[in-house]
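Down below is the structure, laid out as structure tokens.
The values are calculated or read from the model by the stated rules, or taken from the named source; none is laboratory data. Nothing here was measured: the structure is a model prediction, and the numbers come from that model. Because the Cβ atoms are built from the backbone with ideal geometry, glycine has one as well, and the counts that use them run over all protein chains shown.
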């Protein structure tokens, strides 16, 4: 017998096999999408942490002066850096203040060409740039030794960020 075409049974079997393969592929693609979303979020967190580490390293590495002060006020504590080595806004040797707003434990970085005093005077308001570094900051400490400075930063539900720089 000379056959030139597929029988109906052969076509139905091939369609059923193709359907099974498609079901497995769609399940795999769904899992890959979940993994991509998970790793995309992790990459975003790592990128934010690297940005904060880079800012801390550049601000606290050999500034002209560095002052850690508990302001005695209940709404913020601050670290003042005069003559930072890094500017986000193109200012040469800017004055930088890192402060924690105690209302919601928000870590904020202020930068200006003029010395920053808190509260900010109305005439200096437009000369001061602010960046929110993170919220729910549990701990922000500076530890000094004879040659180095250790900056320790801890946000809620995250591992601490630690930077060691030269004085």
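The single condition among (1) assigned to a helix (DSSP H, G or I); (2) free of Cβ contacts under 8 Å to residues at least 40 places away in the same chain that residue 57 does not meet is (2). Here residue 78 fulfils each of the conditions (1) part of a strand (DSSP E or B); (2) at pLDDT below 85; (3) loosely packed, with under 13 Cβ neighbours inside 10 Å apart from (3).
Can you name the residue in region 98-120 that is closer than 21 Å to residue 87 by Cβ and without any contact (Cβ under 8 Å) to a residue 24 or more places away in the chain and is also surrounded by the fewest Cβ atoms within 10 Å (Cβ to Cβ) among such residues?
Filtering region 98-120 down to residues closer than 21 Å to residue 87 by Cβ leaves 98-99, 107-118, 120.
Subsequent filtering for residues that are without any contact (Cβ under 8 Å) to a residue 24 or more places away in the chain retains 99, 110, 112-114, 117, 120.
Details: 99: 23, 110: 19, 112: 20, 113: 17, 114: 13, 117: 11, 120: 16.
So, considering only residues that are closer than 21 Å to residue 87 by Cβ and without any contact (Cβ under 8 Å) to a residue 24 or more places away in the chain, the one surrounded by the fewest Cβ atoms within 10 Å (Cβ to Cβ) is 117.
Within region 149-167, the set of residues being more than 15 Å from residue 50 (Cα to Cα) and surrounded by fewer than 12 Cβ atoms within 10 Å (Cβ to Cβ) comprises 156, 157, 166. Within region 128-145, the set of residues being in a loop (DSSP other than H, G, I, E, B) and under 17 Å from residue 68 (Cα atoms) comprises just one member, 145. Looking only at residues of region 95-114 that are in contact with a helix residue (DSSP H, G or I) (Cβ under 9 Å, 6 or more places away or on another chain) and in a loop (DSSP other than H, G, I, E, B), we find that the one that is nearest to residue 52 (Cα to Cα) is 113.
Among the residues of region 146-167, the one identified as touching a residue at least 60 places away in the same chain (Cβ under 8 Å), more than 14 Å from residue 98 (Cβ to Cβ) and not in a loop (DSSP other than H, G, I, E, B) is 166.
Note on region 127-145: among residues that are under 20 Å from residue 84 (Cα atoms) and free of Cβ contacts under 8 Å to residues at least 24 places away in the same chain, the one that is nearest to the chain's Cα centre (by Cα) is 130.
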